[in-house]
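Colleague: Quick one: this structure, given as structure tokens, is what I'll be asking you about.
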Ligand SMILES: C[S@@+](CC[C@H](N)C(=O)[O-])C[C@H]1O[C@@H](n2cnc3c(N)ncnc32)[C@H](O)[C@@H]1O
């Protein structure tokens with residue numbers, strides 16, 4: 001499917017799936033949404049000095065990049081695993097402007113490293129941030145059990161990919177999460193909440209980012 005790089009209302013870039021008119025992030029602000037949903041409602045809720053993150057959908061790498069920035073600010077050590085079946089091209093990743101919007105030395109080439117590093121191997125991006133990108137589908141990927149503190153559930157909307165918001169996929173991420181772990185997602189539909197509850201999550205509706213009234217956070221007891 002054809003994709004194009006777009007600019008959202010906060011000045012940060014994203015990607016649009018042209019046939020669907022579906023964007024990887026909110027058109028009201030990609031960075032604004034990603035920080036609100038995944039950093040503030042997910043990553044920041046974990047108090048331990050070492051945090052293991054599992055992301056469903058590496059896409060533009062925005063969530064990985066923002067997690068690295070946040071981890072630096074808070075002196076956290078992160079191991080970040082991310083599943084993606086349809087990686088962006090080099091041309092697309094070079095057109096994304098996230099790093100330029102942050103006060104990060106260009107010499108480090110952090111965002112570039114995240115995209116250029118090979119799949120299915122663990123890479124030390126900085127001394128405190130390990131990245132393991134898994135090139136596979138959510139359905140087929142095998143992930144560690146009871147290993148992750150936080151899950152960023154960032155798949156395309158329910159109206160486009162309802163099968164990815166299913167009991168089977170939520171069971172996979174529930175099993176991957178440690179007890180006390182948290183899952184954050186931008187979505188809030190009834191069937192999504194019901195599928196989460198069916199596998200054992202406790203769910204909570206919380207205010208969404210600008211342009212979205214509510215989003216879901218789910219906890220594993
Ligand atoms: C909403 S976008 C992800 C956004 C990403 N987290 C970011 O910050 O750019 C959803 C992602 O899921 C990927 N995807 C779609 N179907 C998939 C599948 N069945 N298995 C794995 N990845 C899939 C897409 O290629 C896309 O990168």
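Colleague: Take the conditions within 13 Å of the ligand (Cβ to nearest atom), within 17 Å of residue 63 (Cβ to Cβ), modelled with pLDDT of 95 or more and surrounded by 15 or more Cβ atoms within 10 Å (Cβ to Cβ) and apply them to residue 115. Does it pass?
Modeller: On the way: within 13 Å of the ligand (Cβ to nearest atom): yes; within 17 Å of residue 63 (Cβ to Cβ): yes; modelled with pLDDT of 95 or more: yes; surrounded by 15 or more Cβ atoms within 10 Å (Cβ to Cβ): yes.
Yes, satisfied.
A quick yes/no check of all residues on (1) farther than 18 Å from residue 64 by Cα; (2) without any contact (Cβ under 8 Å) to a residue 12 or more places away in the chain; (3) within 13 Å of the ligand (Cβ to nearest atom); (4) over 16 Å from the mean Cα position of the chain (by Cα):
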{"residue": "119", "(1), (2), (3), (4)": "no, no, yes, yes"}
{"residue": "127", "(1), (2), (3), (4)": "no, yes, no, yes"}
{"residue": "130", "(1), (2), (3), (4)": "no, no, no, no"}
{"residue": "145", "(1), (2), (3), (4)": "yes, no, no, yes"}
{"residue": "150", "(1), (2), (3), (4)": "no, no, no, no"}
{"residue": "161", "(1), (2), (3), (4)": "yes, yes, yes, yes"}
{"residue": "171", "(1), (2), (3), (4)": "yes, no, no, yes"}
{"residue": "175", "(1), (2), (3), (4)": "yes, no, no, yes"}
{"residue": "179", "(1), (2), (3), (4)": "yes, no, no, yes"}
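Colleague: Something else: Pull up region 61-91, narrow it to residues that are out of contact with any helix residue (DSSP H, G or I) (no Cβ under 9 Å at 6 or more places or on another chain) and over 18 Å from residue 49 (Cα atoms), then point me to the one that is surrounded by the most Cβ atoms within 10 Å (Cβ to Cβ).
Modeller: 83
Colleague: Follow-up question, since we're still on this one. Can you give me the ranges of the helices (runs of 4 or more DSSP H) entirely in region 1-107 with at least 3 residues that are away from the ligand (no atom under 12 Å from the Cβ) and within 18 Å of the chain's Cα centre (by Cα)? Working first, answer last.
Modeller: Details: elements: 30-34, 62-74, 90-94.
It comes to 62-74.
Colleague: Considering region 145-169 alone, what residues qualify as being buried (at least 16 other Cβ atoms within 10 Å of the Cβ) and under 21 Å from residue 51 (Cβ atoms)?
Modeller: Passing the criteria: 148, 149, 150, 151, 152, 153, 154.
Colleague: A further question on this structure: Which ones in region 154-205 are part of a loop (DSSP other than H, G, I, E, B) and within 23 Å of residue 45 (Cβ to Cβ)?
Modeller: Quick first cut of region 154-205, residues part of a loop (DSSP other than H, G, I, E, B) only: 154-161, 166, 186-189, 200-201.
Matches in region 154-205: 154, 155, 186, 187, 188, 189, 200, 201.
The values are calculated or read from the model by the stated rules, or taken from the named source; none is laboratory data. Keep in mind that what you see is a predicted model, and the values were worked out from it rather than measured. For neighbour counting, all protein chains shown are included, and Cβ atoms are generated from backbone atoms with ideal geometry for every residue, glycine included.
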